[in-house]
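**Q** Sending over a structure as structure tokens; questions will come in a sec.
The values are calculated or read from the model by the stated rules, or taken from the named source; none is laboratory data. It should be emphasised that the depicted structure is a prediction, and the values quoted were computed from it without experimental measurement. Neighbour counts run over all protein chains shown; Cβ positions are idealised from the backbone, glycine included. Ligands, DNA and RNA are excluded from the accessible area calculation, which covers all protein heavy atoms including side chains. Shrake-Rupley method; radii C 1.70, N 1.55, O 1.52, S 1.80 Å.
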Amino acid sequence: MAGPGSDLPDHPDYLWRNPEPRRSYDVVIVGGGGHGLATAYYLAKNHGITNVAVLERGWLAGGNMARNTTIIRSNYLWDESAGIYEHALKLWEGLEEDLDYPILFSQRGVLNLAHSLQDVRDSVRRVEANRLNGVDAQWLDPQQVKEVCPIVNTSPDVRYPVLGGTYQPRAGIAKHDYVAWGFARAADALGVDLIQHCEVTGLDITDGKITGVQTTRGRIAAGRVALSAAGHTSVVAAMAGIDLPLQSHPLQALVSELLEPVHPTVVMSNAVHVYVSQAHKGELVMGAGIDSYNGYGQRGAFHIIERQMSAALELFPAFARAHVLRTWGGIVDVTPDASPIVGLTPVDDLYLNCGWGTGGFKATPGVGWCYAHTIATGEPHPLNAPFSLDRFTTGALVDEHGAAAVAH
Amino acid sequence: MMLIPCPWCGPREEAEFHYGGQAHVAYPSDPAALSDEEWARFLFFRDNPKGPFAERWNHSASCRRWFNVVRDTVTNEILAVYKVGAPRPVLA
Amino acid sequence: MTQQEFRTVQGGRIDRDRPLRFRFDGRDYTGYAGDTLASALLANGVHRTSTSIKLGRPRGIFAAGAEEPNALVQVEAPFPEPMLTATTVELYDGLVARGLGGQGRLATDPDPARYDAVHTHCDVLVVGAGPAGLAAASVAAASGARVVVVDDRSEPGGSLLGTREAKALDWVASVAADLHANPEVRLLTRTSAFGYYDDNYVVAVERRTNHLGASAPAHLSRERIWRIRARRVVLATGAHERSLAFDDNDRPGIMLAGAARTYVNRYGVLPGRRAVVLTTNDSAYAAALDLLDAGVAIAVIADLRPSVSPLWTERLADRGVEVLAGYGVERVVGEERVSSVVLAGGREFEADLLLVSGGWNPVGALYSQAGGKLRYDADLGSFVPDGCREAVAVAGSANGTYGLAGCLAEGTGAGRAAVEATGFAAGTGRELPAADESPVTPPAHTWVLPGDETVQFVDLQRDVTVAEIRRATGTGMRSVEHVKRYTTAGTAHDQGKTSGVLTSGVVAHLLGVDVGDLGTTTFRPPYAPVSFAALAGRDRGALHDPIRVTALHAWHQANGALFENVGQWQRPWYYPRDGEDLHAAVLRECRAAREGVATMDASTLGKIDVQGPDAAVLLDRLYTNLMSSLKVGSIRYGVMCRPDGMIFDDGTVIRLAEDRFLVTTTTGNAAGVLDWMEDFLQTEWPDLRVHCTSVTEQWATIALVGPRSREVLGTLAPDLAVDNDSFPFMTWRDTTVAGLAARVCRISFSGELAYELNVNWWDALALWEAVLAAGAPLGITTYGTETMHVLRAEKGYPIIGQDTDGTVTPQDLGMDWIVSKKKPDFIGKRSFARADTGRPDRKHLVGLLPDDGETLLPEGAHLVEMESLPEPPVPMLGHVTSSYHSAALGRPFALALIKGGRDRIGQRVYAPLGDVLVPVTITGPVLYDPEGKRRDG
């Protein structure tokens, strides 16, 4: 008899070299997380730029890529967001084949629940915008919510009863490590040097142009440098004298033990703060709230976890005797409008990709694709052009924070 | 769950407080005189250091007073607490 | 019912007078009070408890505590609980459980149990009531400090419970009695400290009734979270024995040596009849001796060290047991259960038990969570504490100190240091028991024995073998974190308690690096699994978030109102009569307000009393319009923006005196506006002499609306001149209404003649009933939020948060008139000069009329310019923010935010609804009584 987990696909026997850094590269990517690895892959694959190093201060994909709740969806309100996330979702749909790696992409749908009349209005607004943007989206009444996810408590005895929800059938989850290693292996195979335990300690800038990076393993010259450091972006950008509208916050998540299948989709609720899915082996994977204060400690406060559990049991009474096996924290870099910053910087040949907050994982292939284009051509890809740094000066924000209020 | 020393009430649980972000960011005395860039900096740009950070906290569930704290954003160690309007203390 | 054939004749800490019946995997057994499910199964000769998750191999009980990697069980009765370790489930009568290979099962019925949480503060928290912890607690308690001691077992004693150290166990009993008797001390058993957070905030879960089974009293919480804030913490969390990687090291009958010792001594259970011992260190010898004394034959002791302790060798030789130095296990015979063990070189020993000790891992989880560093101690062959910023000390085997005397001394020292650090003079604890210490021979540092790596298990629960780890390192992985993720080692229910360090050791062995350089994976909370329900505690249902209700709530309920949640408030949504739906009820309520008189409970409106000589200055800075010019006795509508120029809140401002205003806010934003004012007053403008106080729940507010509202008010307020000249629009009067002191404001959110009657909260019901009585002859009608929304929408009045969304300026709403041109500055003003806020194609609030006069547009529907939809993405103009059937207009209408909307008035656009494009015409936002003729009645 073989139990759950025995049917998960095996990893390949070979992933990457561990090269010594060369003295010079055409492109140096700072940060070996999902975004950095995807960017390197698309630089090589789409643009033929293979003299690339990805510098990672720890182990590859050990930051938010290893800590997120793996939700993938594209049902964002604003056209700009829908554009880049839907591009990502289309890439996700072909990624297993493209990378030849079993990333366990499961399009089990995502439900976003509504708990107040204003939630309903906002939800319908988002569904309607999604449909016109070519994003699959439906509005479900409570009965339909129950059909999609029978364990959701749709009774009126919840503090904030479920009044319905939006549903994106093409959304789902994937296995984060597999995604990272798939990109890493593919990039490595195309000649990209993945260099771990190599922390960038300085950026060399001459006459307004970047020329290389200082690292714990020596100086590395670079034609172009692309930052992809997520929660640590402020720290790295400061080396170039660039201030960013970013705040880094702790965000916690947790898993339960392996459980028989009970939860067929992904459920998210903002009003009753929950987002939860049941991963392939059977564990419940759940995100907690963001801590209000800045933090780089990859740890959050306990009352956030307690609050998360009370919210989870409001909506899923069946989870009562499940157990939390492990909690952990990541560092999310958040912008004032909860949308990312991807594009050029005031320093020539220095590029920026940050501010994804809680949306980074789902964007991985999409932003890798667009960021690679931006680095290769020196011009933003049309899909990341709206996410420029200067929007904070003009006021042309992409305000997912103010308007959509569904930020995970 | 940090233990935050409110200057008026003493040490209290983090959950009693409301966070206010970076301290010492004054509302500009003459916003009209600022360029768009300068105004954008006031609106949206705040320090985000890894390490000691001077920040604002409000004891919202109790005395409702704002005060400033220097906290290490890596360890959450509170290095100094001081009143609004006082300069950031020089730490050894 | 089977006999307990493997129970010793006597001894153990079980109660042989209290037999308990239980069922496991469909068979009935008995055990005794004091057993765990694991010890009771072993007493009945059951080793195998499960089948492994991936490879389907038989697995048995391996440990005796929370570190158990194999013996996972699903409890089915009295109530289903997934995935517990048989070694920590205390036996109770009627327990029904089954072995789990992989996934647990959640109950389908609601959990009937209660859960709660308690806060406590102490000078010294001691985690672990073993020898070191009790020694620390004894000193701390004797010093007068407030002490909390938590331990996850059912009784204090820790590792001593698994020994026959009689004097030490007497000492445990005395210390426990002292602690129980001391009013400043709380000794919590069955309580696992599972999380260590900032500033010595330690959280623990107490299992209060589970061991009672079906007889657990329903009024007691089943589990309780302890939130402990400690000035000093002493971690005496002990150590976990670890295994070794050798061929077929996962067979049932293979057990950690220390666990076997615990089963014999604590539970009076023989884990087998004849044992082989495999060890790297001295500790397994003591286990062997105890097993011998209990009647278990020891076939041989294979010690991996080339030279072993002469003392222990002699002790064993005296009992006729052979010790083979420099020998390991080559293979294990028997699948369902060990039947013999073949040592290196080929000698085969018949045995039904193989005891293993691969060394000890100090339990560093909490220390590590506290930010403590761990360092590899090459002599001990384990990771030990190495400095922490929190006020914490580690004592005993958790600190790598393994002898009893050392643990007692270290615990005493830690207890003394902790109390002295908190300002107490250290007292004298119970006299420590004498402890014989045998000289220690250094352990061997072996992780893997020669053999077939595909059957050498590192993580039993995840079926991770040495071969798997070799495959991982072969891919290019160099980090133990990567290997963990590639192989899943350490990610199972036990979170690597017995396998984590072994995994690091194997990786180091394969890569040829130092295990100390490699390190371990990160320890995260919780140390042991904690139920969701315990963490949720009582914060469920009505207690999940406070419910705020008005003084009239009971009346609304009694009169059939349906409610809407608005923030934490519950507001009457509408009052259906005789089977009316929302639509019918709202048309009726609207008609009453437009044609006769209607009333609503508006008490949830935020109300802030703003007082002080500079009150007007403050309001001038916060509102976009001028408030200082407002006359005492008058009222003005105002809008507040954030510094980015986006609307934050709106409401009316009443000037009560030169130095006093009453500010009203939206229901959902009252706290936010008060915070906003206080923030500016304290941090930006401390020179302003202003005080702000929330009076939302001091004033009840009743809206009286409609052309005949003046008649009702006139009846109720004989002292008040209600004619339009005496009491004009946007003024207020203090008077007596229905005999109650009241403040009456002439404000209208409907366009009709209307009043807001404000009285003390506790007078609300009297006023409400008086209003209903006085209005009864005129057919006065109660209405809720839905009707309020329709009435205001007909007049084009926006609702902040519904018609705005954080991206809307006053100008976008067509409210340029409320943005002062005179004031040099107010919050948000500068942002109106930015490029984006000046765009002509910003979204404007406009009205929409469906061309067919019948279609009710869904709120949230979007508008497009084209008559047929192109392929997506389709350019969108904006969306419907509010949409209603209008009794007054006799047709549906909507408000919408449309790009360049004010320049499109009169244009036809389309709302895609499903497959249909509904033509609509853009109008100005004010659709009813645009001249404002109805305001004065």
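**Q** How far, in nm, would the chain grow between C:Val118 and C:Glu76 when pulled straight, counting 0.36 nm per residue and subtracting the alpha carbon separation?
**A** Extra length available between C:Val118 and C:Glu76 comes to 12.2 nm.
**Q** Turning to a different aspect of this structure: So which lysines can B:Lys83 reach, going by Cα to Cα under 25 Å and dropping same-chain residues fewer than 8 places off?
**A** Result set, ordered by chain and number: B:Lys50.
**Q** Over 20 Å between Cα atoms, which of C:Lys373/C:Lys497; A:Lys146/A:Lys362; A:Lys175/C:Lys373; C:Lys823/C:Lys933; A:Lys90/A:Lys362; A:Lys175/A:Lys362 qualify?
**A** A:Lys146/A:Lys362; A:Lys175/C:Lys373; C:Lys823/C:Lys933
**Q** What 222 nm value per residue comes from the helices of the protein assembly as shown, counting each DSSP H run with n ≥ 4 as -39,500 (n - 2.57) and dividing by all residues, nearest 500 deg cm²/dmol?
**A** -6500 deg cm²/dmol
**Q** On to the next question. Roughly how many nanometres apart are two label points built 7 Å out from the Cα toward the Cβ at A:Gln144 and C:Ser634?
**A** 5.2
**Q** In addition: What are the residues whose amide H is under 5 Å from the amide H of A:Val192, where those residues sit 5 or more places off or on another chain and H is modelled from the backbone?
**A** Those qualifying (amide H under 5 Å, at least 5 residues apart or on another chain) number zero.
**Q** Follow-up. Computed on protein heavy atoms with a 1.4 Å probe, what is the summed buried accessible area for the chain pair C and A, in Å² to the nearest 100?
**A** 7900
**Q** Could I ask something else about it? Set the Förster distance to 56 Å, then compute FRET efficiency between C:Leu220 and B:Tyr82 from the Cβ-Cβ distance, nearest 0.05.
**A** The computed FRET efficiency comes out at 0.75.
**Q** For chains B and C, what's the summed buried accessible area, probe 1.4 Å, to the nearest 100 square angstrom?
**A** For B against C, buried area totals roughly 2200 Å².
**Q** Using the Karplus equation 6.51 cos²θ - 1.76 cosθ + 1.60 (θ = phi - 60°), what ³J(HN,Hα) coupling, rounded to whole Hz, does each residue of the stretch A:383-397 give in order, writing x for Gly and Pro?
**A** Working through the residues one at a time gives 6, 9, 4, x, 9, 7, 5, 6, 5, 6, 7, 6, x, 7, 6 Hz.
**Q** How charged is the neighbourhood of A:Ala240? Take every other residue with its Cβ under 12 Å from the Cβ of A:Ala240, and add Lys/Arg as +1 and Asp/Glu as -1.
**A** Local net charge: -3.
**Q** If you don't mind, another one. Amide H neighbours of C:Tyr32 under 5 Å, at least 5 residues apart or on other chains, H built in the peptide plane: list them.
**A** Amide H neighbours of C:Tyr32, under 5 Å, 5+ apart: C:Leu20.
**Q** Go ahead and run the numbers for FRET between C:Thr731 and C:Asn760, Cβ-Cβ distance against an R0 of 22 Å, rounding to 0.05.
**A** Efficiency, from the Cβ-Cβ distance: 0.55.
**Q** If you don't mind, there's one more thing I want to ask. Hey, any idea what % of the stretch A:74-151's accessible area is carbon plus sulfur with a 1.4 Å probe? Please report the intermediate quantities before stating the final value.
**A** On the way: 1210 of 2660 Å².
That fraction is 46 percent.
**Q** For a quick check of your reading of the filter: which trypsin sites (Lys or Arg not before Pro) in the stretch C:560-658 sit in a DSSP loop and have no more than 11 other Cβ atoms within 10 Å? It would help to have the intermediate numbers written out before the result.
**A** Values: sites: C:Arg577, C:Arg588, C:Arg591, C:Arg594, C:Lys607, C:Arg621, C:Lys631, C:Arg636, C:Arg655; in loops: C:Arg577, C:Lys631.
Loop-located and lightly packed - C:Lys631.
**Q** Now for a different question. What is the mean number of Cβ atoms from other protein chains located within 10 Å of the Cβ atom of each residue in peptide B:27-34, rounded to a whole number?
**A** Average per residue, whole number: 4.
**Q** Ordered by packing density, taken as the mean number of other Cβ atoms within 10 Å over each peptide's residues, highest first, how do C:515-528, C:464-477 rank?
**A** C:464-477, C:515-528
**Q** Counting only protein heavy atoms and using a 1.4 Å probe, what share of the accessible area of the stretch C:838-937 belongs to carbon plus sulfur, as a whole percent?
**A** Whole-percent figure for carbon plus sulfur exposure: 49.
**Q** Sticking with this one: For chain A, what mean projected area does the convex hull of the alpha carbons give, in nm²? Could the numbers behind the result be given before it?
**A** Working: hull surface 77.2 nm².
If you wrap the Cα atoms of chain A in a convex hull and average its projections, you get 19.3 nm².
**Q** Averaged per residue, what accessible surface does the protein assembly as shown expose to a 1.4 Å probe, in Å²?
**A** Heavy-atom accessible area per residue stands at 34 Å².
**Q** Measure off 7 Å from each Cα along the Cα-to-Cβ vector at B:Trp8 and C:Asp816, then give the distance between these two points in nanometres to one decimal.
**A** Placing both labels 7 Å beyond Cα along the Cβ direction yields 4.4 nm.
**Q** Further question: In peptide A:173-181, what is the residue-averaged number of other protein chain Cβ atoms found within 10 Å of each Cβ?
**A** 2
**Q** Another question, then. Once both labels are modelled 7 Å past Cα along the beta-carbon direction, what's the C:Arg18-C:Glu437 spacing in nm?
**A** 3.8
**Q** Roughly what % antiparallel, to the nearest 5, for the DSSP beta bridges in chain C?
**A** Taking every DSSP beta bridge within chain C, about 70 percent pair in antiparallel fashion.
**Q** Mind checking the full-extension length gain between C:Ala405 and C:Leu913? Use 0.36 nm per residue of separation minus the Cα-Cα distance, one decimal, nm.
**A** Roughly 174.9 nm would be gained on extension.
**Q** Let me ask something else. Within 10 Å of each Cβ in peptide C:822-830, how many partner chain Cβ atoms are there on average? Round it to a whole number, please.
**A** Average per residue, whole number: 3.
**Q** Same structure, new question: Along the stretch C:316-327, what does the Karplus equation 6.51 cos²θ - 1.76 cosθ + 1.60 (θ = phi - 60°) give for ³J(HN,Hα), rounded to whole Hz, x for Gly and Pro?
**A** Result, rounded to whole Hz: 6, 4, 4, 9, x, 9, 7, 10, 9, 7, x, 10.
**Q** Given H placed 1.01 Å from N in the peptide plane, which residues other than close sequence neighbours of B:Leu79 have an amide H under 5 Å from its amide H?
**A** B:Val70, B:Arg71, B:Asp72
**Q** Taking 45 Å as R0, compute the FRET efficiency from the Cβ-Cβ separation of C:Asp687 and C:Ala558 and round it to 0.05.
**A** On the way: r = 51 Å, r/R0 = 1.14.
For C:Asp687 and C:Ala558, the calculated efficiency is 0.30.
**Q** Cross-link candidates for C:Lys631: which aspartates and glutamates have Cα within less than 17 Å, leaving aside residues fewer than 8 places away along the same chain?
**A** Within the straight-line cut-off, C:Lys631 pairs with C:Asp609, C:Asp614, C:Asp620, C:Glu658, C:Asp659, C:Asp725, C:Asp734.
**Q** With the full set of protein chains in place, find how many percent of the accessible area of the stretch C:446-513 is carbon and sulfur; take the probe as 1.4 Å.
**A** Carbon with sulfur: 51 percent of the solvent-accessible area.
**Q** From the phi of every residue in the stretch C:536-552, what ³J(HN,Hα) in whole Hz does the Karplus formula 6.51 cos²θ - 1.76 cosθ + 1.60 yield, where θ is phi - 60° and glycine or proline is x?
**A** 6, x, 8, 7, 10, x, 5, 8, 5, 8, x, 9, 9, 10, 8, 5, 9
**Q** Let me ask something else. Taking 30 Å² as the minimum loss, tell me which residues in the stretch C:98-126 lose that much accessible area going from the chain by itself to the full protein complex (1.4 Å probe).
**A** Buried-area filter returns C:Gln103, C:Gly104, C:Leu106, C:Asp111.
**Q** Further question: For C:Val96 and C:Thr522 in the same chain, what is the full-extension length gain: residue separation times 0.36 nm, less their Cα-Cα distance, in nm?
**A** Full-extension gain reported as 149.8 nm.
**Q** Now for a separate question. Ranked highest first by average number of other Cβ atoms within 10 Å, how do B:11-24, C:813-826 line up?
**A** B:11-24, C:813-826
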